[in-house]
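Below is one structure, written out as structure tokens; comments come after it.
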Amino acid sequence: MNTRRAAENDLPFQRSHRNFPFPTFILQPILRRIVMQIANRHPEVFDRLGPHTQTGFVVDPVDFPFALYLQPNPANPAFKAIRRAAVPAHEARIAGNFLTLLRLVDAGEDGDALFFSRDLTISGNTAAVVSLRNALDDVDGSIAEDVADMFGPLGRFALNRCRKVAGTSRDLGE
């Protein structure tokens, strides 16, 4: 087992069971705040998505007891935690472990390399996924840092810890 995978096993979410009946309503206000903040800070993302702003994406951190649903509609962006048994209709799905998905939005990992190494699984409308990835690549800075900053020192600490476990070297001031 490589060092990154061994370190990932030390995180509490690794011990969660995929089908654990997690009460997703707890996360909804936090996820709504995140998507609104990102939409306000980076409106250019919507332009880059072009016709895919109405696309429903399922982002599936396979080591979490829930998945996420994203619809990047500029008028009313949606980002919700969803029970695995209740995944809504969607056009595209991106799946991988949490740290892999974090590396994607943290502007530090090549999505193509993750796909070809089988660390990331993509299904459905691949053109929409490519547009989303390109939109995230074009963001100045890191979406993950923007989210961490929303939660102050605790958010920056959590992101630094995840980066350390993921094997990335960037560090936020705590």
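Close amide H contacts of Asn125 (hydrogens built in the peptide plane, cut-off under 5 Å, sequence separation of 5 or more or a different chain): Ala92, Arg93.
To the nearest 0.05, what FRET efficiency results for Val87 and Leu154 with a Förster distance of 30 Å applied to their C-beta separation? Please report the intermediate quantities before stating the final value.
Numbers: r = 30 Å, r/R0 = 1.01.
For R0 = 30 Å, the calculated efficiency reads 0.50.
Taking amide H positions as modeled 1.01 Å from N, with prolines and chain starts lacking one, the residues under 5 Å from Ile82 and 5 or more places away or on another chain are Ala67, Leu68, Tyr69.
All of the numbers you see were taken from the coordinates with simple rules; none came from a lab. In this text the structure is predicted, and so the values were computed from the model without any measurement. Methodologically, a virtual Cβ is constructed for each residue, glycine included, from the backbone with ideal geometry; neighbour enumeration extends over all protein chains shown.
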